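The values are calculated or read from the model by the stated rules, or taken from the named source; none is laboratory data. Quick caveat: nothing in here was measured; it's all calculated off a predicted structure. Counting neighbours? That spans all protein chains shown, and the Cβs are built from the backbone with ideal geometry, glycine included. Note: accessible area is taken over every heavy atom of the protein model, side chains too, but ligands, DNA and RNA are not part of it. Shrake-Rupley method; radii C 1.70, N 1.55, O 1.52, S 1.80 Å.
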Amino acid sequence: MIEGVIGKDEIGTAARTATWDVAIVGAGYVGVPLARVFADAGRRVLLVDVVQQTVDALNRGESHIEDVPAEVLEPLVRNGLVSATANYDLLRDADAILIALPTPLSPQREPDLSIVRIAAEGIAARLRAGHLVVLESTTYPGTTREVVLPILERSGLRVGRDFNLAFSPERVDPGNTHYQTRNVPKIVGGVTEACTARAAALYASAIETVHPVSSPEAAELTKLLENIFRSVNIALVNELAQLCERMGIDFWEVIDAASTKPFGFMRFEPGPGLGGHCIPVDPFYLTWKAREYGFYTEFIELAGKVNENMPYYCRSLISQALNHGLERSLKGSRILVLGVAYKADIGDIRESPALKLIELLRKAGADVSFHDPHVPRLERLGLDSAELDPGAYDCVAIVTAHSSIDYRDVVDRARVVVDFRNATGEAGTISPNVWKL
Ligand SMILES: NC(=O)c1ccc[n+]([C@@H]2O[C@H](COP(=O)([O-])OP(=O)(O)OC[C@H]3O[C@@H](n4cnc5c(N)ncnc54)[C@H](O)[C@@H]3O)[C@@H](O)[C@H]2O)c1
């Protein structure tokens with residue numbers, strides 16, 4: 001279903017003779033689930049990635065993305081609906097090219113669009129009349145028109161006349177079994193009305209609801225608004241959790257109580273800090289762009305400050321728990337960090353606050369191990385996931401609350417538990433060896 005009224009122009013000019021209906025550049029957390037929904041709808045999809053190992057594995061039907069397991073991917077590959085390549089030349093044989101590439105921050109926390117730029121150059125060299133190009137990577141308003149469009153037009157082809165260009169933000173929530181790419185409404189904003197209409201029609205062939213907006217800039221900012229909304233609200237509850245610790249109030253009880261209000265309140269929970277590719281990174285894309293307009297995005301900066309301080313605050317909570325519970329200092333204590341993925345029930349460790357916390361604990365002289373059923377090894381820290389033996393440590397710090405863990409058992413066997421996720425629930429509230437955020 002396409003919501004609202006879209007352009008009156010013709011939809012699409014591409015001949016229906018291309019080998020691939022859709023090519024997706026970037027076979028990662030966004031690209032692979034997207035390939036799956038198009039293939040499920042009977043569309044022929046080509047995944048394009050620079051890592052040959054990833055390409056080879058995908059072509060064997062093996063998946064590195066938990067949301068698209070091998071048993072789902074393999075039949076799609078076998079039936080010729082999904083294929084992968086490292087060869088950009090094959091883009092010529094696709095009707096539409098979707099870009100799902102990383103958009104990180106530089107060490108100075110400024111937008112780093114180098115990956116998108118390089119890919120756009122690679123696409124421009126293969127662009128042909130009739131192509132539809134859609135950028136899906138999260139980025140600041142203006143990227144599609146000011147960065148991608150000029151690169152594509154170096155081909156000599158003109159947008160609206162020879163090819164179509166749009167922005168459509170990916171909203172995938174890894175690990176969410178209810179809301180997946182197919183049933184999360186897709187926002188689409190094209191450079192021209194015809195671009196919007198063509199992109200909307202493509203997505204409507206595979207995704208339940210498509211919501212067109214009037215420009216790429218509106219679509220780009222929509223995604224940032226969603227992520228900034230989360231970052232600011234998480235910062236709010238993180239700040240209040242710290243106040244509640246001083247006031248001796250159980251903040252989790254307060255959140256549960258406030259959540260009974262059927263309107264005007266949305267539940268957010270405190271935690272050890274932000275993680276993942278999106279929420280810690282994306283808001284600063286807008287901060288950077290806003291400066292061009294002499295504008296300071298103070299909510300974003302303040303939320304970043306509060307959230308980035310959380311691993312430091314969590315280290316101090318562990319220190320206090322060891323002092324009071326065992327009369328021990330952090331130095332020399334054995335600590336098990338339970339859960340290191342950035343969120344529950346997935347294995348993604350990008351920007352995970354657990355990594356920062358482990359580094360801080362090590363700096364303070366603690367002997368740190370971790371257990372995570374989804375993460376076998378932390379290469380950067382040189383650690384393998386240890387057995388879950390809570391009694392073998394001075395303190396178990398619950399950083400990510402994977403649902404497969406028996407937290408009652410952890411509370412029963414551990415000497416001291418510090419619970420940053422309220423995973424221990426009722427047991428944690430009544431047990432004297434549990435400290436909660
Ligand atoms: N992961 C999420 O939950 C999520 C959710 C919504 C939006 N996004 C946004 O989507 C975009 C992509 O994120 P992701 O999580 O899928 O990234 P990812 O790191 O999982 O995947 C990116 C893939 O692109 C490949 N790649 C790198 N350079 C390439 C190039 N020049 N040509 C072809 N392939 C190349 C990499 O090898 C990798 O496989 C980002 O802008 C991100 O902010 C991510």
> Out of D40, D89, D93, D49, which single residue is closer than 24 Å to L127 by Cβ, surrounded by 14 or more Cβ atoms within 10 Å (Cβ to Cβ) and away from the ligand (no atom under 11 Å from the Cβ)?
Replying inline: D93
> Between a first residue in region 230-251 that is under 15 Å from E308 (Cβ atoms) and open to solvent by 80 Å² or more (accessible area, probe 1.4 Å) and a second residue that is among the β-branched types (V, I, T) and modelled with pLDDT of 95 or more, which pairs have beta carbons less than 7 Å apart while being 6 or more apart in sequence or on different chains?
Replying inline: E239/V306
> Under 9 Å by Cβ, and 6 or more places apart or on different chains, what pairs join a residue from region 22-34 that is near the ligand (Cβ under 6 Å from one of its atoms) with one that is at pLDDT below 95 and of a type in the set (A, V, I, L, M)?
Replying inline: A27/I65; G28/I65; Y29/I65; Y29/V172; V30/V172; G31/I65
>> Filter region 144-160 down to the residues that are out of contact with any helix residue (DSSP H, G or I) (no Cβ under 6 Å at 6 or more places or on another chain) and either within 16 Å of the ligand (Cβ to nearest atom) or over 17 Å from G189 (Cα atoms) (or both) and list them by number.
In response: V147, P150, E153, G156, L157, R158
> Where residues in region 161-197 are in contact with a strand residue (DSSP E or B) (Cβ under 9 Å, 6 or more places away or on another chain) and small (G, A, S), which of them is farthest from the ligand (Cβ to nearest atom)?
Replying inline: A194
> Within region 102-119, is there a residue that is buried (at least 16 other Cβ atoms within 10 Å of the Cβ), at pLDDT 95 or above and in contact with an Asp or Glu (Cβ under 8 Å, 6 or more places away or on another chain)?
Replying inline: yes
>> Could you go through region 125-132 and let me know if any residue there is surrounded by 16 or more Cβ atoms within 10 Å (Cβ to Cβ) and out of contact with any strand residue (DSSP E or B) (no Cβ under 9 Å at 6 or more places or on another chain).
In response: no
> Given the structure, is L225 hydrophobic (A, V, I, L, M, F, W, C), open to solvent by 80 Å² or more (accessible area, probe 1.4 Å), under 22 Å from the mean Cα position of the chain (by Cα) and under 30 Å from N164 (Cα atoms)?
Replying inline: yes
>> Pull out all pairs, ordered by first then second residue, where Cβ-Cβ is under 7 Å, the residues are six or more apart or on different chains, the first lies in region 55-71 and is open to solvent by 70 Å² or more (accessible area, probe 1.4 Å), and the second is part of a helix (DSSP H, G or I).
In response: E62/A70; H64/T54; H64/A57
